[in-house]
1. Shape of region 3-164 from its Cα gyration tensor (a ≥ b ≥ c, root eigenvalues): rounded if a/c is under 1.5, otherwise prolate when a/b > b/c, or oblate?
2. So who's got an amide H within less than 5 Å of the one on Arg37, skipping anything under 5 residues away but keeping other chains? H placed 1.01 Å off N, in plane.
3. When the Karplus curve 6.51 cos²θ - 1.76 cosθ + 1.60 is applied with θ = phi - 60°, which whole-Hz ³J(HN,Hα) does each residue of region 374-388 get, with x for Gly and Pro?
4. Taking the chain as a Gaussian network, where each spring joins two C-alpha atoms under 10 Å apart, which residue of Met305, Met228, Met318 fluctuates the most?
5. Could you tell me what % of all Cα pairs in region 180-315 have separations over 21 Å?
6. DSSP beta bridges in the chain, what fraction antiparallel, as a percent rounded to 5?
7. Using Cβ counts within 10 Å as a stand-in for footprinting exposure, how do Trp311, Trp254, Trp248 rank, fewest first?
8. In a Debye calculation with equal point scatterers on the alpha-carbon sites of region 285-417 and no solvent, what is log10 I(q)/I(0) at q = 0.13, 0.14, 0.16 Å⁻¹?
Amino acid sequence: MPIFAYIALGSNLGDRRDYLEKAIQELGRQARLTVNRVSSYYETEPVGGPPGQGKFLNAAAQLQTDLPPLDVLHVLRAVEQQLGRVRGEHWGPRTLDLDLLLYGDLVCATPELTLPHLRLHQRLFVLEPLAEIAPEAVHPSLGRTVRQLLEALRRGTPLVAALGAPERELNGLRALVTGSTSGIGRVIALELAAGGADVIVHGRRSRPAAETVAEQVRAAGVRSHVFMADLREVEACHRLVEEAWNVWQGLDVWINNAGADTLTGEAGRWPFERKLQELLAVDVVATLLLSRDVGSRMKTAGGGMMIHIGWDQADTGMEGDSGQLFGATKGAVMAFSKSLAVSLAPAVRVNCLAPGWIRTAWGETASEPWQERVRRETPLRRWGTPEDVARTARWLVSPAAAYITGQVIRVNGGAVR
């Protein structure tokens, strides 16, 4: 049975109108495929990509076909190639860009094809021509028409507020959380998934643990992927960014949660110098390298959000070896976050969470004097939980926090010391 499919067309090199018209003609010659409707042409500024590009000429078309969706995608790529498209720099200038937006009410996510198109609901240059020819076509994941999506985007209203679905406010976002096989990182990954984000899980030692978290992420109805990388190694950091970025052709959210555990197990007995070396490698150097790499990509792509993990007492000080170690390393991360936010603005938002007394592995086994100290120093008179941190992270990467960048936000129950 024939299916209605919708495509976006764009060009910003050479005779743009001629490329679009030739593409429509070539599509019309394909077997088992008919071009029913074509929108007007819309001239738009480029979104993302290298600076200095020319303006795009954009359009949308309705196709009718009994070809499977992957076959339709292959037809689009063949027409692009026939008309001189060279796939070079990501989001760079191109003679012709053909994207499959909708294929009936199909929802799918494979390494080669994602439907509906991930950015369909976020791009005026896609929605405006599409609304001209198919205003009542329904986005099968969001349950709203093209006309409704366009009206929401024009108003500047956060999509989920317009759609009345705040529980899925991260729908369509692609995220990675480092150190997400356990503890705070695991809970952040699951919280983002609950908000509708696709989440890449990262771990260092246990792939089975990482795969377990990935399955829990998928249970929320979103996509997941696993990468293992030792962030103490510089090359591993660069490789993680490169490979993760390519999984879903970009990332919208990057959370640098991974940190060296020097409090529990054998590491708790290490000398000061070795603990310092471990914390510097994982908490500081890896955070800087990962953030600079992915931040540059996000800025080129046109947007993104990043969160780092600091420590509330890095500002106020704490006695002992642990206070000196974490104060120095987490203080560096907090300062770096502010400078990176300025460097990447306005395209990318960067914030830092500074947790206080959070009941993680160390907190579970802390002595009674420490338990009493936590209650005494925390106005809310309790330990914080990984869920407290995760919910704050979810808010920070949501549309509700769109005006927040360069901030260090304490998640510490009101403690001021």
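1. oblate
2. Here Gln62 satisfy the definition.
3. 4, 5, 6, 8, 9, x, 7, 6, 7, 5, x, 10, x, 5, 4
4. Met318
5. Result for the distance tail: 43 percent.
6. Around 50 percent of the beta bridges assigned by DSSP in the chain are antiparallel ones.
7. Trp248, Trp311, Trp254
8. Debye intensities relative to I(0), on a log10 scale: -0.58, -0.66, -0.83.
Quick note: the coordinates plus some simple rules give every number you see, no bench work behind them. Note that this is a predicted model, so its numbers are computed, not measured. When we count neighbours, we look across all protein chains shown, and the Cβ atoms used for this are built from the backbone with ideal geometry, even at glycine.
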